[in-house]
Amino acid sequence: MTTLRAQSAFLRPWLCRLLSPWLTLALVAQLGLGTATAQSQQAVPPAQLPQGSEAAPTTALAAPLKSATVDDFVNQLAPPALTRSLGRNIVPQKRQIDLVVNFDFDSARLLPASRPLLENLAQAMNTERLSAIRFRVEGHTDGKGTAKYNDELSARRAQAVAEFLASQGVAATRLEAQGKGFAELLNKDRPDAAENRRVRIVTVD
């Protein structure tokens with residue numbers, strides 16, 4: 001028994017020297033893993049959106065255009081080239097543009113000041129990039145008056161714009177007119193704001 005104890009006491013320092021590097025490496029690895037785990041946990045933001053949801057985009061209020069060149073209209077209304085992704089065709093979204101078109105009070109008669117803007121629009125519609133596209137001409141009013149009155153007035157004004165574009169060489173079959181009244185206010189916080197009174201041009205196909 002005494003001999004066994006003496007041998008054990010003799011071997012203990014050698015065993016410690018032999019195992020010490022391995023124990024040190026194991027300890028360092030454990031500490032390193034703990035540090036990396038702590039860092040990765042700190043990198044996670046405290047608040048995240050639920051899976052499958054996304055933040056609502058912030059869209060600036062675009063004022064209707066009072067003037068625009070032919071190239072401006074083409075760039076705004078021409079769709080981007082079709083692309084192919086994952087074997088499926090991506091159809092571009094409809095393009096639209098809001099215009100300030102002036103009429104006589106309580107009337108669908110166009111004022112001369114708005115003719116140059118619509119003449120440029122007609123030229124743009126007949127360019128190569130837009131010649132195969134059909135358009136919807138929408139009339140929009142502010143929130144004053146009754147819905148029935150504004151629906152009828154906006155429909156007549158949209159039709160007047162479509163007829164003017166046709167008189168400038170745009171095929172009538174490429175145009176459709178629609179009155180929206182105040183159903184789609186551009187500035188909902190101010191229903192009577194001037195920017196709500198507009199003509200919107202929308203690509204149909």
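The values are calculated or read from the model by the stated rules, or taken from the named source; none is laboratory data. Given the structure is predicted, the values throughout are model-derived calculations rather than measurements. All Cβ positions, even for glycine, are placed from backbone atoms using ideal geometry, and neighbour counts span all protein chains on display.
Arg174 - would you say it is surrounded by 13 or more Cβ atoms within 10 Å (Cβ to Cβ), within 22 Å of Ser67 (Cα to Cα), touching a residue at least 12 places away in the same chain (Cβ under 8 Å) and of a type in the set (Lys, Arg)?
no
Assess whether Ala162 counts as being over 30 Å from the mean Cα position of the chain (by Cα), in a helix (DSSP H, G or I), closer than 18 Å to Phe73 by Cα and at pLDDT 95 or above.
No, not satisfied.
Is it the case that some residue within region 68-75 is modelled with pLDDT of 95 or more, touching a Pro at 6+ places or on another chain (Cβ under 8 Å) and either acidic (Asp, Glu) or not assigned by TED's automatic domain parsing to the domain that holds Gly179 (or both)?
No, region 68-75 has no match at all.
Out of all the residues in region 177-205, which are part of a loop (DSSP other than H, G, I, E, B) and surrounded by 19 or more Cβ atoms within 10 Å (Cβ to Cβ)?
Those that are part of a loop (DSSP other than H, G, I, E, B) and surrounded by 19 or more Cβ atoms within 10 Å (Cβ to Cβ): Phe182, Leu185, Leu186, Arg197.
Tally the residues that are surrounded by 15 or more Cβ atoms within 10 Å (Cβ to Cβ) and closer than 16 Å to Arg115 by Cβ, restricting the search to region 129-170.
So the answer is 11.
Among the residues of region 128-137, is any among the β-branched types (Val, Ile, Thr), out of contact with any strand residue (DSSP E or B) (no Cβ under 7 Å at 6 or more places or on another chain) and within 20 Å of Leu77 (Cα to Cα)?
No, region 128-137 has no match at all.
Go through region 94-125 and count every residue that is more than 14 Å from Asp72 (Cα to Cα), touching a residue at least 12 places away in the same chain (Cβ under 8 Å) and part of a loop (DSSP other than H, G, I, E, B).
7
Taking the criterion of being in contact with a helix residue (DSSP H, G or I) (Cβ under 7 Å, 6 or more places away or on another chain) and within 25 Å of Leu185 (Cβ to Cβ), would at least one residue in region 153-162 satisfy it?
Yes, because at least one residue in region 153-162 is in contact with a helix residue (DSSP H, G or I) (Cβ under 7 Å, 6 or more places away or on another chain) and within 25 Å of Leu185 (Cβ to Cβ).
Of all residues in region 130-144, which are in a strand (DSSP E or B) and closer than 10 Å to Ser154 by Cβ?
Glu138, Gly139, His140
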